[in-house]
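Student: I'd like to ask some things about the structure below.
No lab work stands behind these numbers, since they all come straight from the coordinates. These figures come from a predicted structure and were not determined experimentally. Glycine also receives a Cβ, built like all others from the backbone with ideal geometry; neighbour counts cover every protein chain displayed.
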């Protein structure tokens, strides 16, 4: 992956949808603004003690979809970033460090809602609308 992907992924403000499925295939989708790409293959985020976190413990695969309107109503751009959870922490230094970063960016109340810090590996990146152009031409 490239630094261009990191720049696009981390651009703020932005929202995306993290989609997960449990082991039975029941799907969940939740809106997040906090996932950050820390290097070209790694995404980190904080999660509450919620359905998204429960599903990831059953099935580590997810997709984070970023969408934004272009110059016209018909001009949408964005990415689908396919992820696999590698690890999570519900206690310890990694979680406390993440909570401190969230407190600085979003306040103490937001930090208090974080139950786990989660680390994902980026597996694949695809355009929002795939017409064979590759992800680089869709942002």
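Student: Arrange 138, 91 by Cβ neighbour counts within 10 Å, fewest through most, would you? Provide the component values of the computation, followed by the final result.
Tutor: Working: 138 19, 91 9.
Fewest-to-most ranking of 138, 91: 91, 138.
Student: Binned at 10 Å from 0, what are the whole-percent values of the Cα-Cα distance distribution for the range 1-88, short to long?
Tutor: 16, 48, 28, 7, 0
Student: While we're looking at this one, here's another question. Tell me the Kirkwood radius of the range 68-139: reciprocal of the mean inverse pair distance over distinct alpha-carbon atoms, in Å.
Tutor: 14.8
Student: Still on this structure, I have one more. Whole percent per 5 Å bin, from 0 to the bin with the longest distance: what is P(r) over all C-alpha pairs of the range 57-102?
Tutor: With a bin width of 5 Å, the distribution comes to 5, 16, 14, 13, 18, 14, 9, 8, 4, 1.
Student: Suppose only helical runs count, i.e. DSSP H with n ≥ 4. What mean residue ellipticity at 222 nm does that imply for the chain under -39500 (n - 2.57) per run, divided by all residues and rounded to the nearest 500 deg cm²/dmol?
Tutor: Value at 222 nm, helices only, nearest 500: -7000 deg cm²/dmol.
Student: To make sure I understand, if each residue's beta carbon is the centre and we count other beta carbons within 10 Å, what order do 55, 98 fall in, fewest to most?
Tutor: On the way: 55 24, 98 21.
With the fewest neighbours first, 55, 98 line up as 98, 55.
Student: Could you give the length gained by full extension between residue 3 and residue 39, i.e. 0.36 nm per residue of separation minus their alpha carbon distance, to one decimal place? Spell out each step's value before the answer.
Tutor: Values: separation 36, 0.36 × 36 = 12.96 nm, distance 0.82 nm.
Full-extension gain reported as 12.1 nm.
Student: How far apart, in nm, are the 7 Å Cα→Cβ label points at residue 106 and residue 128?
Tutor: My value for the distance between the label points is 2.1 nm.
Student: Any idea what % of Cα-Cα pairs in the range 1-42 are farther than 10 Å?
Tutor: 74
Student: Mind sorting 6, 113, 37, 74 by how few other Cβ atoms lie within 10 Å of their own Cβ, fewest first?
Tutor: 74, 113, 6, 37
Student: Moving on. Per residue and in cubic angstrom, what volume does the convex hull of the Cα atoms of the range 20-139 have?
Tutor: Roughly 129 Å³ of hull volume per residue.
Student: Another one. How many angstrom lie between the Cα centre of the range 89-126 and the Cα centre of the range 1-19?
Tutor: 16
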